[in-house]
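Comments concern the structure below.
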Amino acid sequence: MSEQPDTGRPGTEPVLYEVDEEGVATLTLNRPERRNAWNLPMERRFFELLDRAAADPDVRVVIITGAGTAFCPGMDMRRLEQNSRPGESLSFNDRPPMYGRRLLPKPMIAAINGGCAGIGLIQALICDVRFAARGARFTTAFTRRGLAGEYNMPYVLPRVIGLENALDLLLSGRTFDADEAKELGLVSRVVEPDGLMDSVRAYARDIARNCSPRAMAVVRHQVYGDLDREFTEALARSYSVMEYFAGSADFQEGVDSFTQKRPPTFEGLPPDFDPEDATRDPFLPG
């Protein structure tokens with residue numbers, strides 16, 4: 001593989017990074033002594049590593065999890081205390097866009113191993129698929145800290161779990177567990193804690209082995225891009241995608257591997273691949 005794991009001792013690197021032989025990158029929030037509470041060094045490193053995974057053609061899927069018994073309980077309270085004094089506020093200067101990596105052209109899977117709140121819940125929502133350990137606890141938290149909906153959660157959450165469910169969680173800031181998160185549609189799978197990472201890795205490796213990286217990148221681009229498009233515009237883009245892939249090497253390999261009853265061998269995603277190219281109408285200029 002092109003990247004080697006960051007193997008710092010627990011607590012020495014704010015985020016750990018490892019790529020396995022199947023092309024699955026795992027980012028581990030690594031402040032277990034603070035239950036992986038979010039701070040700015042963690043934020044910078046987290047987004048740097050996501051960019052590294054995006055640019056590496058050997059990486060096909062990204063897993064995000066937490067060290068120890070928590071995923072991320074939100075912003076470190078020490079940081080919040082520093083910004084709760086009159087006349088002071090949290091500066092967003094020189095901070096990376098929180099949702100910028102939602103445009104990452106590779107599937108992202110959250111392995112929520114424990115407490116997940118506030119900005120930690122934002123990171124889970126950035127992911128495409130979410131697994132949770134049974135017993136993991138969730139909360140939006142904001143209103144109970146004297147805050148409104150931060151980091152665009154009032155926009156994102158209703159699109160994941162519906163308007164009334166989102167208002168319930170955002171207004172009350174109440175705590176709920178993994179089983180309720182599954183009922184709400186916030187997570188798709190609940191797994192016993194000792195089997196969480198095995199389940200997530202099995203899912204990620206199946207995708208990495210058997211799905212076209214180009215097709216996955218375009219599907220992700222279609223789904224997020226079409227959320228606020230009119231039906232007819234989305235349909236036109238879908239026709240463009242169909243034409244884009246119809247004569248592609250990936251489609252040929254997909255058909256050949258199916259008829260020959262063998263695993264497919266799709267190429268990795270080039271660093272300069274732009275999913276938008278597949279959705280442009282080939283009969284229109286530009």
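The values are calculated or read from the model by the stated rules, or taken from the named source; none is laboratory data. These numbers were taken from a predicted model, which means no experiment stands behind them. In this analysis, Cβ positions are derived from the backbone assuming ideal geometry, glycine residues included, and neighbour counts consider all displayed protein chains.
Taking region 178-205 as the search range and keeping residues that are in contact with a Lys or Arg (Cβ under 8 Å, 6 or more places away or on another chain) and outside any helix (DSSP H, G or I), which one is surrounded by the fewest Cβ atoms within 10 Å (Cβ to Cβ)? Step by step, filter region 178-205, then rank; the result is 192.
Under the condition of being surrounded by fewer than 19 Cβ atoms within 10 Å (Cβ to Cβ), out of contact with any strand residue (DSSP E or B) (no Cβ under 6 Å at 6 or more places or on another chain) and β-branched (Val, Ile, Thr), the residues counted in region 127-155 number 1.
Could you please tell me which pairs satisfy a Cβ distance under 8 Å, a separation of 6+ or placement on different chains, a first residue in region 233-253 that is within 13 Å of residue 215 (Cβ to Cβ), and a second residue that is among the small types (Gly, Ala, Ser) and buried (at least 16 other Cβ atoms within 10 Å of the Cβ)? Qualifying pairs under 8 Å: 241/278; 244/278; 245/215; 245/278; 250/212; 250/215; 253/212.
Within region 173-188, no residue that is under 19 Å from residue 127 (Cβ atoms) sits with its Cβ atom under 6 Å from a residue that is modelled with pLDDT under 95 at 6+ positions apart or across chains.
Right, residue 280: loosely packed, with under 11 Cβ neighbours inside 10 Å, farther than 29 Å from residue 130 by Cβ and either out of contact with any helix residue (DSSP H, G or I) (no Cβ under 6 Å at 6 or more places or on another chain) or not polar (S, T, N, Q) (or both) or not? No.
Remark: residue 23 falls outside the filter, which requires a residue to be at pLDDT below 95, more than 13 Å from the chain's Cα centre (by Cα), at positive phi and surrounded by 21 or more Cβ atoms within 10 Å (Cβ to Cβ). When we screen 232, 175 for residues that are surrounded by fewer than 19 Cβ atoms within 10 Å (Cβ to Cβ), touching a strand residue (DSSP E or B) at 6+ places or on another chain (Cβ under 9 Å) and among the β-branched types (Val, Ile, Thr), the only hit is 175. Selection within region 119-145: residues that are charged (D, E, K, R) and within 14 Å of the chain's Cα centre (by Cα). The member of this set that is modelled with the lowest pLDDT is 128.
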